[in-house]
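The values are calculated or read from the model by the stated rules, or taken from the named source; none is laboratory data. This structure is a prediction, so every number in the text was calculated from the model and none was measured. A quick note on method: Cβ atoms are made from the backbone with ideal geometry, for glycine too, and the neighbour counts reach across all protein chains shown. With ligands, DNA and RNA removed, areas are computed over all heavy atoms of the protein, side chains included. Shrake-Rupley method; radii C 1.70, N 1.55, O 1.52, S 1.80 Å.
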Amino acid sequence: MPQRKIVLASNNAGKVQEFNTLLTPLGFEVIPQGLLGIPSCEEPFPTFIENAIAKARHASKLSGLPALADDSGICVDALGGLPGVLSARFALSDQKRDPSDADNNALLIQKLLECAQRQAHFTCTLVFLESEVDPEPLISVGHWYGEILENPQGSSGFGYDPLFWVPELQKTAAQMSSEEKNQVSHRGQALRHLLTQLPKKIV
Ligand code: IMP
């Protein structure tokens, strides 16, 4: 089957792997923007959808290819939805200019110390653009509900996975294989929905 090239507006290794697992069997070659020398775009907006459109447009403009962008994060009820769009840089400070997943997780544990309300959800907004000037982006949103643990468990995945407990499956996202996570995750849900719309868009 001929592979259709799509630039992915992310260099996050965890996301690249998740998108490849889902899109390669469907005939798409997912090229992370970094492989094309495209720098990351600013994410200055307060909503996932605005950031996702900005990222997809930037990647499509600089590559000349259709682009797929995801803006995602974890929203914690007891924190009024934070870290939200700030998830990747939650622990950012003058001392930590480039916080790691471990830094972000440590801060989340600290913020929820002795807090009984542990509900949270991951959210993923996907945007697909045929070109920089595409006036009709495909947009798809997925949510994944769970609870924040007091201590990390598991070593798969990335980001907040070791703290994200899924009651229905009695394990954290970091205790799932990538296939298992894709079946239920915010990103998997959003991508499956996007894929139902793609054939109408791509000719
Ligand atoms: P983005 O690259 O601006 O979309 O930031 C997404 C951030 O949200 C990541 O760096 C993670 O911290 C977090 N995140 C999003 N999706 C996931 C996931 O599936 N597992 C764990 N953390 C995630």
Quick check on the range 101-122. Is at least one of its residues open to solvent by 80 Å² or more (accessible area, probe 1.4 Å), on the phi < 0 side of the Ramachandran plot, of a type in the set (D, E, K, R) and within 11 Å of the ligand (Cβ to nearest atom)? no
Residue satisfying condition, being at pLDDT 95 or above, touching a strand residue (DSSP E or B) at 6+ places or on another chain (Cβ under 9 Å), open to solvent by 50 Å² or more (accessible area, probe 1.4 Å) and over 20 Å from ASP103 (Cα atoms), within set GLN153, GLN170, GLN189: GLN189
Please list, ordered by first then second residue, the pairs with beta carbon atoms under 7 Å, 6 or more apart or interchain, first in the range 97-114 and in contact (Cβ under 8 Å) with a residue 12 or more places away in the chain, second buried (at least 17 other Cβ atoms within 10 Å of the Cβ) and among the β-branched types (Val, Ile, Thr). LEU108/ILE148; LEU112/ILE148
Checking the conditions here, which among PRO167, PRO135 is within 30 Å of LYS201 (Cα to Cα) and more than 15 Å from the ligand (Cβ to nearest atom)? PRO135
LYS55 being touching a residue at least 24 places away in the same chain (Cβ under 8 Å) and closer than 29 Å to LEU138 by Cβ: yes
Kindly establish whether SER40 is closer than 19 Å to LEU138 by Cα and not in a strand (DSSP E or B). no
Can you find even one residue in the range 174-197 that is free of Cβ contacts under 8 Å to residues at least 40 places away in the same chain and touching a Pro at 6+ places or on another chain (Cβ under 9 Å)? yes
Residues in the range 138-164 that are over 26 Å from ALA67 (Cα atoms), more than 9 Å from the ligand (Cβ to nearest atom) and either of a type in the set (A, V, I, L, M) or part of a helix (DSSP H, G or I) (or both) total 2
Of all residues in the range 50-90 being open to solvent by 60 Å² or more (accessible area, probe 1.4 Å) and either among the charged types (D, E, K, R) or assigned to a helix (DSSP H, G or I) (or both), the one that is nearest to the ligand (Cβ to nearest atom): ALA88
